[in-house]
Amino acid sequence: MAYKLGMDAVIKYGAAGGTASTALTNVRNVTLNLEKGEADVTTRANNGWKATVGTLKDASIEFEMVWDTADAGFTALKNSFFGNTAIALLVLDAATGGQGLDADFMVTNFSREEPLDSAIMVKVTAKPTLSSRAPSWHTASGGGS
């Protein structure tokens, strides 16, 4: 049985309109949320069972970063949030041969936490945005199916 460790995964960022290529190294606790809306297609032919089909897909990425204003990735995400501009993000399950979501995103949450006993952190949420390229599932060579 094959498995992957979270510490071997990677998020890349770059200019909107193209696939991200620069690794964000100042991240932890990454969550890639993938969901679909649902439509009820139940008919009498279902013998009393409800029938559902998937509709529009929805995605978001949530993660934490150390508040580091000298970090280029931090600055790119901060600028995307405050400037209301898109940023390319690629969320892969491995640095090489990985697969994951590739899209232009809008940073919708950039919340700072200041605990007394830890480093200042920022919680980031990003969601796919209107772009010249639709979100896609990226599979690098050697990444499997």
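The values are calculated or read from the model by the stated rules, or taken from the named source; none is laboratory data. Nothing here was measured: the structure is a model prediction, and the numbers come from that model. As a convention, Cβ positions derive from the backbone with ideal geometry for all residues, glycine included, and neighbour counts pool all protein chains shown.
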Apart from one, (1) surrounded by 13 or more Cβ atoms within 10 Å (Cβ to Cβ); (2) under 25 Å from residue 133 (Cβ atoms); (3) within 13 Å of the chain's Cα centre (by Cα) all hold for residue 64; the odd one out is (2)
Restricting region 82-120 to residues that are among the aromatic types (Phe, Trp, Tyr) and surrounded by fewer than 22 Cβ atoms within 10 Å (Cβ to Cβ), the one farthest from residue 133 (Cα to Cα) turns out to be 110
Inspect all residues belonging to region 111-121 and state whether any of them is touching a helix residue (DSSP H, G or I) at 6+ places or on another chain (Cβ under 6 Å) and closer than 28 Å to residue 36 by Cβ.
no
Taking the stated definitions as given, is residue 94 at pLDDT below 95, within 30 Å of residue 3 (Cα to Cα) and of a type outside the set (D, E, K, R)?
yes
Meets criteria (within 20 Å of residue 135 (Cβ to Cβ) and loosely packed, with under 12 Cβ neighbours inside 10 Å) for residue 18
no
Exactly one of 73, 97 is in contact with a Leu (Cβ under 8 Å, 6 or more places away or on another chain) and not in a strand (DSSP E or B), and that one is 73
